[in-house]
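A short worksheet on the structure shown next.
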Amino acid sequence: MQWESWSAFWDMGGFAPFVWGSYGVTLLLVVGELILVVRRRRDTVRRLLRLRRANAAGAGGRRAFEEIVE
Amino acid sequence: MMKDMHKPERSKSLFRFAAPQMFYPLAGRLAPWFAGIAAILAAIGLWLGFFVAPTDATQGDVYRVIYIHVAAAWMSMFVYMVMAFWSFVGLVMNTRLSFIMSQALAPTGAMFCFVALLTGSLWGKPTWGAYWVWDARLTSQLLLLFLYLGFMALTRAIEDPRRADKAGAIIALVGAVNVPIIYFSVKWWNTLHQGASVSLDKAPSMATTMLTGMLVMALAAWAYTIAVTFWRVRSLILERERHTDWVAAELNALEGKI
Amino acid sequence: MKPRSKRLMLLGGAVALLIGAVALVLTAFQENLVFFHTPTEVAEGKAPTGRTFRIGGLVEPGSIKRAADGLTVQFAITDTAKVIPVTYKGSLPDLFSEGKGAVVQGKMGADGQFAASEVLAKHDENYMPPEAQHAVDQAQKTAKTVKQ
């Protein structure tokens, strides 16, 4: 162990803002990136499902139109 | 006697994973493992860096920023080289997945590049006495961030995916020249940033526990990059290959679950 | 030639050209890329005159003198070959100390004194705990006494 106490650890030899600032921002960015990746997958799948339903409806609509016209 | 009907042989070589359809499930299976490895390595690295490694005689405890700063800087350079590699392969072999992979890597590389710059700045103020200087090392690292952001903006802005692929590939290849410049900047020019503590041709100038912590964090960052890139590439593949039957089947399977 | 091989050659050629172009540009702009000059370069007149530039080296041991007003400080920057005297008014970084690296930014005065507007500390790439540093310092001290 390198620290006499927990408060000494948090104090980081007087450099607390520089050290914890660095690691804090990194943690935020990593968590942010993970959230974005999860959201991207969810948004992509939902959007592609919606597109597919729209296309199917379009195809179904076209068939209905052809039935009427024929 | 009836001859056995057998399925057409799937290629057994590793090159079959160059097909998006084959790589998609592989990436899905591997990503959680790399995420787990990254978490474990990060825990070990941080424990080594904060509880095992001693303080530094010159800088005191502020040197401990090194355990994230160097890992991030190394990854930012390595990821861009990998992007350049896949861009080269894609242009030569005309493989879609190569370009997709390059685009999946960029955001994580950019993140690490920003982390390297920010942690470096916070480390510089109490030690050098400045948050920023325009020396060759810092300037070329900032240029790398611009290259990452330029790559991401350009590939998103171009509508046609094939043209976006090629435009991105050019930025990746041209920008890759900057990476050795970043690395050798401290050797070629007078810089405020100090020289390499770790290199292939001389003994490390760090205490062993410090060095170990730094290397473990670098490995953690590498495993993390693979996990996140594999997860991201799956979304990109679904998007690019949305007109195929296999994606239709995959969407069927996911319907109601997401 | 197969289209793939042709693409490979063209691409390889383009990359080689690019590297060549960058190398050319970098060598041409050497002067502008210099972050600091060494005391020897300054003594040989290779440093820019009439405008701000930087000198990098070690703080000459025993050269730090604080003026009566408490703010102004005088010291010397050396690369063990040549020594440049510096005056500076302002706060110094914590790592600034005799025998350690520093980079000063300012203008060379007509009297040969460098008037610094900014002083930065430069540290090396060595990281070791205080006990190890102590051992290194002792060894260097012994080596110096033996030399004498």
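The values are calculated or read from the model by the stated rules, or taken from the named source; none is laboratory data. Keep in mind that what you see is a predicted model, and the values were worked out from it rather than measured. Glycine gets a Cβ as well: all are built from the backbone with ideal geometry, and neighbour counts include every protein chain shown. These accessible areas exclude ligands, DNA and RNA; they are computed on the full protein's heavy atoms, side chains included. Shrake-Rupley method; radii C 1.70, N 1.55, O 1.52, S 1.80 Å.
The amide H of C:Phe114, built 1.01 Å from its N in the peptide plane, has C:Val86, C:Thr87, C:Gly109 as neighbours under 5 Å, considering only residues 5 or more places off or on other chains.
For the protein assembly as shown, with all protein chains present and a 1.4 Å probe, just round the carbon and sulfur fraction of the accessible area to a whole percent. Mind showing how you got there, number by number?
Numbers: 16780 of 25980 Å².
Carbon and sulfur: 65 percent of the exposed surface of the protein assembly as shown.
Put a dot 7 Å past the Cα of C:Ala43, heading toward its Cβ, do the same for B:Ala39, and the two dots end up 6.1 nm apart.
Remark on the stretch B:58-89: accessible area falls by at least 20 square angstrom from chain-alone to full-complex state for B:Thr58, B:Gln59, B:Asp61, B:Val62, B:Arg64, B:Val65, B:Ile68, B:Phe88, probe 1.4 angstrom.
Suppose every Lys and Arg Cβ carries +1 and every Asp and Glu Cβ carries -1, with no other charges. What dipole size does the protein assembly as shown come out with about its Cα centre, to the nearest 20 debye? Display every interim value, and only then the final one.
Details: 49 positive and 35 negative charges, 403 e Å.
Once rounded to the nearest 20, the dipole reads 1940 debye.
If you take the accessible area of B alone, add that of C alone, and subtract the area of the pair, what total do you get in Å², probe 1.4 Å, to the nearest 100? Interface between B and C: roughly 3200 Å². Annotation: amide H-H contacts under 5 Å for B:Asp56 (H modelled 1.01 Å from N, sequence separation of 5 or more, or interchain): B:Asp61, B:Tyr63. Chain A and chain B together bury an accessible surface of about 3400 square angstrom, both sides counted, with a 1.4 Å probe and no ligands or nucleic acids included. Taking every residue in C:116-125 and counting other chain Cβ atoms within 10 Å of its Cβ, the average works out to 5.
Helix C:3-28 and the longest principal axis of the Cα set of chain C meet at an angle near 30°.
What the protein assembly as shown shows is 55 Å² of accessible area per residue, with the surface traced by a 1.4 Å probe over protein heavy atoms.
Report the residues of the stretch B:55-96 in range of a label on C:Leu18: point 7 Å along Cα→C-beta, backbone N strictly under 19 Å from it. Residues B:76-96 qualify, since their backbone N sits under 19 Å from the label point. For the peptide B:234-241, the mean number of other protein chain Cβ atoms found within 10 angstrom of a residue's Cβ is 4. For C:Thr72, the residues whose amide H sits under 5 Å from its own are C:Ala67, ignoring neighbours fewer than 5 places away on the same chain, with H placed 1.01 Å from N. Report which residues of the stretch B:200-229 become buried by 40 Å² or more of accessible surface when going from the isolated chain to the complete set of protein chains (1.4 Å probe; DNA, RNA and ligands ignored). In the stretch B:200-229, residues shielded by partner chains: B:Ser205, B:Tyr224.
Which shape class applies to the stretch C:1-94: rounded if a/c is under 1.5, otherwise prolate when a/b exceeds b/c and oblate if not, where a ≥ b ≥ c are the square roots of the Cα gyration tensor eigenvalues? Intermediate results must be reported in sequence, preceding the final value.
Numbers: a/c = 4.22, a/b = 3.49, b/c = 1.21.
In terms of gyration-tensor shape, prolate.
Distance between the modelled labels on C:Ala135 and A:Leu49, one decimal in nanometres: 6.3 nm (7 Å Cα→Cβ projection).
Most simply put, the protein assembly as shown has about 85% antiparallel DSSP beta bridges, counting only bridges with both residues inside it. Students often get this wrong: which residues of the stretch B:94-138 have the backbone nitrogen under 13 Å from the point 7 angstrom along Cα-to-C-beta of B:Phe85? Residues passing the 13 Å test: B:102. Partners of C:Lys46 within straight-line reach, counting aspartates and glutamates whose Cα lies under 13 Å from its Cα and excluding those fewer than 8 residues away in the same chain: C:Glu31.
The mean count of C-beta atoms from other chains within 10 Å of the C-beta of residues in A:23-33, rounded to a whole number, is 5. In a GNM of chain B with a 10 Å cut-off on Cα contacts, which of B:Val92, B:Val228, B:Val179 has the highest mean-square fluctuation? Taking springs between Cα atoms under 10 Å, the residue moving most is B:Val92.
With loop defined by DSSP as not H, G, I, E or B, and exposure as at most 14 other Cβ atoms within 10 Å, which is the longest segment of chain B clear of exposed trypsin sites (Lys or Arg not before Pro)?
Numbers: sites that count: B:Lys3, B:Arg10, B:Lys12, B:Lys257.
Longest stretch, sites excluded: B:13-256.
Among C:Glu125, C:Glu98, C:Glu44, the largest mean-square fluctuation in a Gaussian network model of chain C (Cα springs under 10 Å) belongs to C:Glu125.
Positive-end ranking of C:Pro3, A:Leu36, B:His69 along the dipole of the protein assembly as shown, with charges on Cβ about the Cα centre, is headed by C:Pro3. A simple charge model with +1 on the Cβ of Lys and Arg, -1 on the Cβ of Asp and Glu and nothing else charged puts the dipole of the stretch C:43-142 at about 400 debye relative to its Cα centre.
Which of these, B:Gly213, B:Gly28, B:Gly129, has the largest mean-square fluctuation under a Gaussian network model of chain B (Cα springs below 10 Å)? For chain B, modelled as a Gaussian network with Cα springs under 10 Å, the answer is B:Gly129. In the structure shown, the pairs B:Lys202/C:Lys82; C:Lys89/C:Lys144; C:Lys89/C:Lys147; B:Lys202/C:Lys6 are assessed against 32 Å; a Cα-Cα span above that value is assigned to C:Lys89/C:Lys144; C:Lys89/C:Lys147; B:Lys202/C:Lys6.
Couplings for the stretch B:218-230, taken from phi via the Karplus curve 6.51 cos²θ - 1.76 cosθ + 1.60 with θ = phi - 60°, read 5, 5, 4, 5, 5, 5, 4, 4, 4, 4, 5, 5, 5 Hz in order; Gly and Pro are left as x. The angle between the Cα long axis of helix C:130-147 and the main principal axis of chain C comes to about 70°, on a 0 to 90 degree scale.
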